[in-house]
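Since the structure comes first, as structure tokens, the remarks are kept for the end.
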Amino acid sequence: MSNKPADTITTLTICYESSSGEQTQRGVSVTQFDPHEMFGLCHLRGLYRTFLYERIFSCVDVNTGEVVRDPHAHLVSIYRKTPRYTLDQLYRNNLEALQVLLYVGKADGQLRAAERKVIAAACKVFTGDVRITEVMASDLIDSINIPSFHSFKVAVGRVAKRGNPGMMKRLMIACRTIINTQKTVTATEQEALDYMAKRFKLPQE
């Protein structure tokens with residue numbers, strides 16, 4: 001059996017009928033899915049493949065031994081219990097906060113390991129999910145385009161408009177912590193802090 005990918009949601013053993021009518025039993029480490037099909041590493045072929053639910057005749061979750069009657073509903077249920085789901089929700093609902101963290105982290109030209117560690121910690125604080133790892137947070141932040149100063153200001157404005165004092169305070173603390181990983185504060189970093197303090201109506205330190 002092939003080693004399962006790091007982003008595996010779960011591993012299923014399925015009886016599957018191909019488009020040519022061939023039926024085979026195989027393990028699949030599922031990494032993506034939608035209402036019609038799932039995608040993952042096929043242990044039989046050693047390749048990533050897409051599998052239509054309508055061609056799955058039997059399905060068992062390898063991790064629990066559970067007989068699965070509805071693969072899509074099963075995958076949704078498992079996915080919603082993972083830190084990956086937590087981060088996906090963070091991205092959907094609080095992209096602006098992530099953009100602010102990325103801008104401040106890159107304000108001096110590069111995003112260092114210490115700054116990535118702070119961002120990972122911030123993701124845990126924002127979501128309350130301590131299972132989030134630095135690798136997960138780094139993958140998420142690397143998927144976001146580096147904001148310009150204008151985009152940063154727009155993101156700060158959107159966070160402020162939501163009117164969540166707790167989020168604004170936590171975001172400000174995270175940004176200050178990122179900057180404090182270095183001995184000096186650049187003009188760009190100070191400008192970002194000043195703008196956030198003004199929009200969030202928080203005292204500067």
*Return yes when V30 is open to solvent by less than 50 Å² (accessible area, probe 1.4 Å), touching a strand residue (DSSP E or B) at 6+ places or on another chain (Cβ under 7 Å) and β-branched (V, I, T) and no when it is not.*
yes
*If you check G157, G163, G128, which single one turns out to be in contact with a Lys or Arg (Cβ under 9 Å, 6 or more places away or on another chain) and small (G, A, S)?*
G157
*Does at least one position in region 176-190 carry a residue that is in contact (Cβ under 8 Å) with a residue 40 or more places away in the chain, small (G, A, S) and either open to solvent by 10 Å² or more (accessible area, probe 1.4 Å) or part of a helix (DSSP H, G or I) (or both)?*
no
*Answer yes or no: is there a residue in region 71-90 that is within 30 Å of R176 (Cα to Cα), hydrophobic (A, V, I, L, M, F, W, C), touching a residue at least 12 places away in the same chain (Cβ under 8 Å) and open to solvent by less than 80 Å² (accessible area, probe 1.4 Å).*
yes
*Of the conditions (1) modelled with pLDDT of 95 or more; (2) under 17 Å from the mean Cα position of the chain (by Cα); (3) within 30 Å of P147 (Cβ to Cβ), Y103 fails just one. Which one is it?*
(2)
*Take R131 and decide whether it is open to solvent by 20 Å² or more (accessible area, probe 1.4 Å), in contact (Cβ under 8 Å) with a residue 12 or more places away in the chain, touching a Ser or Thr at 6+ places or on another chain (Cβ under 9 Å) and under 23 Å from R80 (Cβ atoms).*
yes
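The values are calculated or read from the model by the stated rules, or taken from the named source; none is laboratory data. Note that the coordinates shown come from a computational prediction; the quantities given were computed from them, not determined experimentally. Positions of Cβ are generated from backbone atoms using ideal geometry, with glycine treated the same way; all protein chains shown enter the neighbour counts. Protein only, heavy atoms only, side chains kept; ligands, DNA and RNA dropped before computing areas. Shrake-Rupley method; radii C 1.70, N 1.55, O 1.52, S 1.80 Å.
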